[in-house]
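*Asks:* I have a structure here, written as structure tokens, and I will follow up with some questions on it.
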Amino acid sequence: MDKFVGEKTESILNRTSANVMLCHFKKPFISNKSIVVFAPPMCEAEFGFEYWLEKVVKFAQELSLSITFVVDTRSAAAIEEHLVELKNSVPVTFKHYDNWDNLQGLKAFKEEDAMFIFVSDRNGEVSYRDSLDGVAKKLDRIYANENLVLVFPSRVENAHIDEYEDVEAAPIFRKISKEIGNMFNKG
């Protein structure tokens, strides 16, 4: 994981506001029997929350895997609420974890043949915790031979296509047609 999350990656994370997912796969997906998602407190307050959650659910659907969320009570409620909105059909369970200052405690949630997705944070964001600095190296020690995905949520609000104002196409096409006609008439 050190090769993936080094100075260059840190630079990219600091310069971009987009959702970033860093993947470190050691095994074929077919060997995974479930997905375990570690999401720290306040993950639901990040702008990229809905995006990464939808991606994880779609990925689980594609691979026919169940999802276990390791979260605090508040985050579990927000995830459950969004799963209802998504009309989720993936089997989901929640396991409570509060000691996010001790990442070694996450070993208790290690499942055989699981893919592990860790929702991290960026410095200065709502869910930021000092204990998660250098999380890639810490997780690599715990999950060295497992499929691992690090998610860095977006810093900007998601823009949905239906939020843009309607544009009348006819006047634009008339103007373009007129300009093209003028180009050919000049020659």
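We did not get these values from a lab; they are worked out from the coordinates using the rules stated. It should be emphasised that the depicted structure is a prediction, and the values quoted were computed from it without experimental measurement. In this analysis, Cβ positions are derived from the backbone assuming ideal geometry, glycine residues included, and neighbour counts consider all displayed protein chains.
*Asks:* Taking 0.36 nm per residue of separation and subtracting the Cα-Cα distance, what length does fully extending residue 141 through residue 33 add? Intermediate results must be reported in sequence, preceding the final value.
*Replies:* Working: separation 108, 0.36 × 108 = 38.88 nm, distance 2.15 nm.
Contour length minus Cα-Cα distance gives 36.7 nm.
*Asks:* For the stretch 21-66, which trypsin sites (Lys or Arg not before Pro) are both in a DSSP coil and crowded by at most 16 other Cβ atoms within 10 Å?
*Replies:* Answer by residue number: 26, 33.
*Asks:* Pull up all non-local amide H partners of residue 68: gap of 5 or more, or a different chain, and H-to-H distance under 5 Å with H placed in the peptide plane.
*Replies:* 35, 36, 37, 93
*Asks:* DSSP loop (so not H, G, I, E, B), at most 12 other Cβ within 10 Å: list which chymotrypsin sites (Phe, Trp or Tyr not before Pro) in the stretch 22-110 pass both filters.
*Replies:* Answer by residue number: 25.
*Asks:* With r defined as the distance between the Cβ atoms of residue 112 and residue 81 and R0 fixed at 35 Å, what FRET efficiency is calculated, to the nearest 0.05?
*Replies:* 0.70
*Asks:* Right, next: Through the Karplus equation 6.51 cos²θ - 1.76 cosθ + 1.60, θ set to phi - 60°, convert the phi angles of the stretch 141-154 into ³J(HN,Hα) values in whole Hz; use x for Gly and Pro.
*Replies:* Here the 3J(HN,Hα) series is 5, 7, 10, 4, 10, 10, 6, 9, 10, 9, 10, 10, x, 4 Hz.
*Asks:* Beyond 19 Å between alpha-carbons counts as too far, so tell me which of 33/137; 58/107; 33/138; 26/137; 58/138 fall in that bin.
*Replies:* 33/137; 58/107; 33/138; 58/138
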